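The values are calculated or read from the model by the stated rules, or taken from the named source; none is laboratory data. These numbers come from a predicted model, not from an experiment. Note that each Cβ is placed from the backbone with ideal geometry, even for glycine, and that neighbours are counted across all protein chains shown. All accessible areas refer to the heavy atoms of the entire protein, side chains included, with ligands and DNA or RNA removed. Shrake-Rupley method; radii C 1.70, N 1.55, O 1.52, S 1.80 Å.
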Amino acid sequence: MLRHIDRGDQGSAEKLSALEADHDSGGALPAAPKRRGSAELSAGKLGVVMNLPTLATLALVLAYPIGYAAYLSFHKVTPAELRRGVFPSVGLGNYQRILSDPLFLLALKNTLVFTAVTVVAELALAIAIALLIGQRQVWTSRVTRFLILLPYAVPPIANGLIWSFMYNFDFGFLNRLLFSAGLISKPVNWIGDPNTALFALTVPYIWRTLPFAVLLVHAALQGINPELFEAASVDGAGAFTRFRHITLPLLVPILVVLLVLRTSFAFVMFEEVLAITQGGPGDATWVAVWYSYKRSFAPPFDIGIGAASAYVLALIIGALALAYVTMIYRRIE
């Protein structure tokens, strides 16, 4: 056995020496044969494979609830049907009912007004604050970066309760502050007046969600090459000209993302209504999500109507997001 191994090793050494000699003399070593089935995946296929666990998780967590809600929107689902466990099909009846309901149309109108005010104000404030805290020569910029994050850490319901106390007609801090500054002569019923209640909801919402927009814009500003501003300054461009022709165009991609996100989130605003006005006074602050909530979980507890209104809202959000992206990127091209 030992002799056989020694002879085998000697033969292998002779073959290796022959190969090395052939390589030294200019010959190339023979390429290793390719194994069948070992072809590398393309970038697209590799991306799909890597995202399969995430897609599977999203399908389990989101697909079933969304699909079941769609099923309920085409059926009559009230406490009586829930007790029997049988949901009669109504076809498009639920959708016809909400689209002919004046209260739903009012809630949709309030949602559009609320979204327009909050999105425009938030984007403008985000750009202004991000530019301010990005100024290194301003010594307070570091403190401002820390303070701007505080509202984002406050839970939405707690934020609503805080502002409901500030808006209080009898002992609210806001009326007291404005009265002391001489801006008002008598208390203002901010959340009790139908003319001001909806706009009063925009302030706590913007205060809570603004830090997210500021962080994104601030991060985008850090990615702009400072040499562009230096070259523009050398050419005599002022601060406004540099902002208009350099900063703003380079911020367009992140502003598109913010526009879509902020519109989507503003359309589904719920916590401030629940904590501050609960839809009042009257129906002045009914928004689309509040309508879905009240129709589903308040008498007469028609979950089918609530599901249908939620799907109408989702379609509107999707259409707006698609319109935003298409319009902005057409201008860029």
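What to note about this one:
- Here each label is just a point 7 Å from Cα along the line to Cβ, and for A116 and R176 those points are 3.7 nm apart.
- Probing with 1.4 Å while keeping every protein chain in the model, the per residue accessible area of the range 187-333 equals 49 Å².
- Sorted on the mean count of surrounding Cβ atoms within 10 Å across their residues, most packed first, peptides 42-49, 147-154, 184-191 read 184-191, 147-154, 42-49.
- Computed P(r) (all Cα pairs; the range 52-111; 5 Å bins; percent): 4, 16, 14, 16, 17, 15, 11, 6, 1
- Modelled label positions at N51 and A63, each set 7 Å beyond Cα in the direction of Cβ, lie 1.5 nm from each other.
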